[in-house]
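The values are calculated or read from the model by the stated rules, or taken from the named source; none is laboratory data. All values reported here derive from a predicted model rather than from experimental measurement. Here the Cβ positions follow ideal geometry from the backbone for every residue, glycine too, while neighbour counts run over all protein chains shown. Remember, those area values only see protein heavy atoms, side chains included, never the ligands or the DNA or RNA. Shrake-Rupley method; radii C 1.70, N 1.55, O 1.52, S 1.80 Å.
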Amino acid sequence: MWGGRFARGPAAIMEKINASIGFDKRLADQDIAGSKAHAAMLAKQGIITQADADAIRDGLDRVKEEIDAGAFTFKVELEDIHMNVEARLAELIGEPAKRLHTGRSRNDQVATDFKLWVRDALDRLDAGLTALQTALIDLAEQNTDTVMPGFTHLQAAQPVSFGHHLLAYVEMFGRDRGRMRDARARLNECPLGSAALAGTPYPIDRFMTAEALGFNRPTANSLDAVSDRDFALEYLAAASICATHLSRFAEEIVIWCSAQFRFIRLSDAYTTGSSIMPQKKNPDAAELVRAKAGRVIGTLTGLLVVMKGLPLAYSKDMQEDKEPVFETDDTLALCIAAAEGMVRDMQPNKPAMREAADRGFLNATDLADWLVRELDMPFREAHHVTGRAVKAAEDRRVGLTDLSLAELQAIEPRITEAVYPALSIETSLDSRRSFGGASPIRVKEAVKAARERFL
């Protein structure tokens, strides 16, 4: 590979640690596209003949056909996808293949290929997240007034609707899509033509190759172009946040499926049994989505550590950039698909949710608000009075609405019968009409708005 500089080949262990073809063969389509654009530009600029460019184009098409058909032999001794493609091209077309690498280096070649691959991956993730949001919005629309407890500290707090709860994740995944779009926009500058690190003396047209490959512009600095892996780090960072959101949702599915909650049911399609306990129906799909977030976050940490001490420009350390990105793409795509499947599979247990909403004094804040609104009581005082009422109901093991008027008036004499309608769970839920609130009226509006914003 290295021409006249090296007298003999590498040691076996050097060949093994140095080769990347085992994983970077996933860049084949991008490598071929980049080479075709580069050859076309070289011909237009008169650096190679049009006949050579045509031969290179046709030869690269044949290489792609072989790869797509599974008939291509990837060779470890050729190290990576770039040299494997170029060597096969030389076998197919001979002398013209040797002119392809004019005006470029593997450094700008791999940066270009990898950017193209990450750009495609971001587009795939956006499509997957859109499908997940669609499933969540569909289910939310069916449950705009399905009452359930809202929680803080995993303690019952105030009533919300199941639809309102689901739309919270629609917002999270919407932000994930926004981060991925931002990352895509930032990466969309073409490194090709930066060569090894300093540019090239050949009269190349970098704007032509950038446009041909769908980039907005060529990169502005050749040193930065070949040493930058911010685009991979941003991809992993956005993926890590997305995986965290998926994990939080999966954790709630696990909780909701438990016998203690029974808020939803998952079918046999997304659950497993026990080898010893016949009664078990375990939400393993959700548990695995929850677990895989750790793997995704780990890839971000790993690549950050690789990049943190590298001087400009390219170092072989940067070969370690692809495996974490490839692993994350596989893992995250699987988790998004599993989450969408569970959403479309789940059946809300509305009676169980409603029963849970009757426990835990979810209407306590409504009593405090009634005291403020009707008796012009300062909120801090109303909070104290309500706390005493909750203590009285707790001592009797009843709800606030089960306390008699005399019992309430023993705490605050000005309370009247008019307080009871304000303490119903449905009234409490309906009253949350502030923008973004849990009132069914607002949730119906939010469902419509979410469809317009995200789908």
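Check Phe72, Phe23 and return the single one that is assigned to a helix (DSSP H, G or I), among the aromatic types (Phe, Trp, Tyr) and open to solvent by 20 Å² or more (accessible area, probe 1.4 Å). If you could, list the steps in order and put the result at the bottom.
Numbers: Phe72 fails: assigned to a helix (DSSP H, G or I).
The conditions single out Phe23.
On the given criteria, is Thr112 farther than 15 Å from Phe23 by Cβ, outside any helix (DSSP H, G or I) and polar (S, T, N, Q)?
On the way: farther than 15 Å from Phe23 by Cβ: yes; outside any helix (DSSP H, G or I): no; polar (S, T, N, Q): yes.
No; evaluated as a whole, the condition is false for this residue.
Return the residues of the stretch 270-281 that are loosely packed, with under 13 Cβ neighbours inside 10 Å, in contact with a strand residue (DSSP E or B) (Cβ under 9 Å, 6 or more places away or on another chain) and of a type in the set (S, T, N, Q); say none if nothing qualifies. Spell out how you get there, then give the answer.
Keep residues of the stretch 270-281 that are loosely packed, with under 13 Cβ neighbours inside 10 Å, which gives 274-280.
Subsequent filtering for residues that are in contact with a strand residue (DSSP E or B) (Cβ under 9 Å, 6 or more places away or on another chain) retains 274, 280.
Within the stretch 270-281, Ser274 is the sole residue that qualifies.
Name the residues in the stretch 79-88 that are surrounded by 22 or more Cβ atoms within 10 Å (Cβ to Cβ) and not in a helix (DSSP H, G or I), would you?
Once the filter is applied, which keeps residues that are surrounded by 22 or more Cβ atoms within 10 Å (Cβ to Cβ) and not in a helix (DSSP H, G or I), the stretch 79-88 yields only Asp80.
Among the residues of the stretch 127-169, count how many are more than 20 Å from Arg248 (Cβ to Cβ) and either surrounded by fewer than 19 Cβ atoms within 10 Å (Cβ to Cβ) or hydrophobic (A, V, I, L, M, F, W, C) (or both). Steps first, please.
So the first thing to find is which residues in the stretch 127-169 are more than 20 Å from Arg248 (Cβ to Cβ), and the list is 127, 138, 141-142, 144-147, 159.
Imposing the further condition that a residue be either surrounded by fewer than 19 Cβ atoms within 10 Å (Cβ to Cβ) or hydrophobic (A, V, I, L, M, F, W, C) (or both) reduces the set to 127, 138, 141-142, 145, 147.
Within the stretch 127-169, residues that are more than 20 Å from Arg248 (Cβ to Cβ) and either surrounded by fewer than 19 Cβ atoms within 10 Å (Cβ to Cβ) or hydrophobic (A, V, I, L, M, F, W, C) (or both) number 6.
Regarding Arg262, is this residue closer than 30 Å to Thr152 by Cα, part of a helix (DSSP H, G or I) and open to solvent by 30 Å² or more (accessible area, probe 1.4 Å)? Before you say what the answer is, go through the steps one by one.
Working: closer than 30 Å to Thr152 by Cα: yes; part of a helix (DSSP H, G or I): no; open to solvent by 30 Å² or more (accessible area, probe 1.4 Å): yes.
Spelling it out, it is not the case that Arg262 is closer than 30 Å to Thr152 by Cα, part of a helix (DSSP H, G or I) and open to solvent by 30 Å² or more (accessible area, probe 1.4 Å).
Considering every residue within the stretch 106-118, establish whether at least one is polar (S, T, N, Q), in contact with a Cys (Cβ under 7 Å, 6 or more places away or on another chain), under 17 Å from His38 (Cβ atoms) and surrounded by 23 or more Cβ atoms within 10 Å (Cβ to Cβ).
In the first step, residues of the stretch 106-118 are kept if they are polar (S, T, N, Q); the result is 107, 109, 112.
When the remaining residues are screened for being in contact with a Cys (Cβ under 7 Å, 6 or more places away or on another chain), the result is 112.
When the remaining residues are screened for being under 17 Å from His38 (Cβ atoms), the result is 112.
Remaining after also requiring surrounded by 23 or more Cβ atoms within 10 Å (Cβ to Cβ): 112.
Yes, the stretch 106-118 has at least one match.
Condition check: open to solvent by less than 60 Å² (accessible area, probe 1.4 Å), farther than 30 Å from Asp268 by Cα and not in a helix (DSSP H, G or I). Does Gly437 satisfy that? Spell out the reasoning first.
Working: open to solvent by less than 60 Å² (accessible area, probe 1.4 Å): yes; farther than 30 Å from Asp268 by Cα: yes; not in a helix (DSSP H, G or I): yes.
Against the criterion (open to solvent by less than 60 Å² (accessible area, probe 1.4 Å), farther than 30 Å from Asp268 by Cα and not in a helix (DSSP H, G or I)), Gly437 qualifies.
Can you tell me which of (1) out of contact with any helix residue (DSSP H, G or I) (no Cβ under 8 Å at 6 or more places or on another chain); (2) over 30 Å from Asp113 (Cβ atoms); (3) in a loop (DSSP other than H, G, I, E, B); (4) not aromatic (Phe, Trp, Tyr) is the one Ala220 doesn't meet?
So the condition that Ala220 fails would be (2).
Would you call Thr365 in the same structural domain as Thr130 (by the TED database), among the polar types (S, T, N, Q) and either in contact with a Phe, Trp or Tyr (Cβ under 6 Å, 6 or more places away or on another chain) or in contact (Cβ under 8 Å) with a residue 24 or more places away in the chain (or both)? Break it down into steps so the answer makes sense when it comes.
On the way: in the same structural domain as Thr130 (by the TED database): no; among the polar types (S, T, N, Q): yes; either in contact with a Phe, Trp or Tyr (Cβ under 6 Å, 6 or more places away or on another chain) or in contact (Cβ under 8 Å) with a residue 24 or more places away in the chain (or both): yes.
When the stated conditions are applied, Thr365 does not pass them.
Considering Val226, Val296, Val306, Val289, which residue is part of a helix (DSSP H, G or I) and free of Cβ contacts under 8 Å to residues at least 40 places away in the same chain? Break it down stepwise before answering.
Details: Val226 fails: free of Cβ contacts under 8 Å to residues at least 40 places away in the same chain; Val296 fails: free of Cβ contacts under 8 Å to residues at least 40 places away in the same chain; Val289 fails: free of Cβ contacts under 8 Å to residues at least 40 places away in the same chain.
Testing whether each residue is part of a helix (DSSP H, G or I) and free of Cβ contacts under 8 Å to residues at least 40 places away in the same chain leaves just Val306.
Using the structure shown, decide if Lys36 is open to solvent by 40 Å² or more (accessible area, probe 1.4 Å), in a helix (DSSP H, G or I) and at pLDDT 95 or above.
On the way: open to solvent by 40 Å² or more (accessible area, probe 1.4 Å): yes; in a helix (DSSP H, G or I): yes; at pLDDT 95 or above: yes.
Spelling it out, Lys36 is indeed open to solvent by 40 Å² or more (accessible area, probe 1.4 Å), in a helix (DSSP H, G or I) and at pLDDT 95 or above.
Of all helices (runs of 4 or more DSSP H) completely enclosed by the stretch 360-413, which ones contain at least 3 residues that are closer than 19 Å to Ala157 by Cβ, touching a Ser or Thr at 6+ places or on another chain (Cβ under 7 Å) and not basic (Lys, Arg)?
Passing ranges, in order: 364-375.
Is it the case, given these coordinates, that Glu91 is assigned to a helix (DSSP H, G or I), open to solvent by 60 Å² or more (accessible area, probe 1.4 Å) and touching a residue at least 40 places away in the same chain (Cβ under 8 Å)?
Details: assigned to a helix (DSSP H, G or I): yes; open to solvent by 60 Å² or more (accessible area, probe 1.4 Å): yes; touching a residue at least 40 places away in the same chain (Cβ under 8 Å): no.
Against the criterion (assigned to a helix (DSSP H, G or I), open to solvent by 60 Å² or more (accessible area, probe 1.4 Å) and touching a residue at least 40 places away in the same chain (Cβ under 8 Å)), Glu91 does not qualify.
Taking Ala210 as the residue in question, decide whether it is under 20 Å from Leu310 (Cα atoms), open to solvent by less than 10 Å² (accessible area, probe 1.4 Å), part of a helix (DSSP H, G or I) and not assigned by the TED database to the domain that holds Gly34. Break it down into steps so the answer makes sense when it comes.
On the way: under 20 Å from Leu310 (Cα atoms): no; open to solvent by less than 10 Å² (accessible area, probe 1.4 Å): yes; part of a helix (DSSP H, G or I): yes; not assigned by the TED database to the domain that holds Gly34: yes.
Here the answer is no, as Ala210 does not meet what is asked.
Can you report the number of residues in the stretch 39-67 which are open to solvent by less than 20 Å² (accessible area, probe 1.4 Å) and under 31 Å from the mean Cα position of the chain (by Cα)?
Narrowing the stretch 39-67 to residues open to solvent by less than 20 Å² (accessible area, probe 1.4 Å): 39, 41-43, 48, 53, 56, 59-60, 63.
Among the residues that remain, those that are also under 31 Å from the mean Cα position of the chain (by Cα) are: none.
Going through the stretch 39-67 one residue at a time, the tally reaches 0.
May I ask you to verify whether Asp284 is over 29 Å from Gln109 (Cβ atoms) and surrounded by fewer than 12 Cβ atoms within 10 Å (Cβ to Cβ)?
Details: over 29 Å from Gln109 (Cβ atoms): yes; surrounded by fewer than 12 Cβ atoms within 10 Å (Cβ to Cβ): no.
So Asp284 fails the test.
Quick check on my filter: what residues within the stretch 139-170 are in a helix (DSSP H, G or I) and either in contact with a strand residue (DSSP E or B) (Cβ under 7 Å, 6 or more places away or on another chain) or touching a residue at least 24 places away in the same chain (Cβ under 8 Å) (or both)? Steps first, please.
Quick first cut of the stretch 139-170, residues in a helix (DSSP H, G or I) only: 139-141, 162-170.
Within the stretch 139-170, Leu139, Ala140, Glu141, Phe162, Gly163, His164, His165, Leu166, Leu167, Tyr169, Val170 qualify.
Say whether the condition of being in the same structural domain as Thr328 (by the TED database), open to solvent by 40 Å² or more (accessible area, probe 1.4 Å), closer than 21 Å to Glu340 by Cβ and modelled with pLDDT of 95 or more is met by at least one residue in the stretch 299-313.
The answer is no, given that none of the residues of the stretch 299-313 is in the same structural domain as Thr328 (by the TED database), open to solvent by 40 Å² or more (accessible area, probe 1.4 Å), closer than 21 Å to Glu340 by Cβ and modelled with pLDDT of 95 or more.
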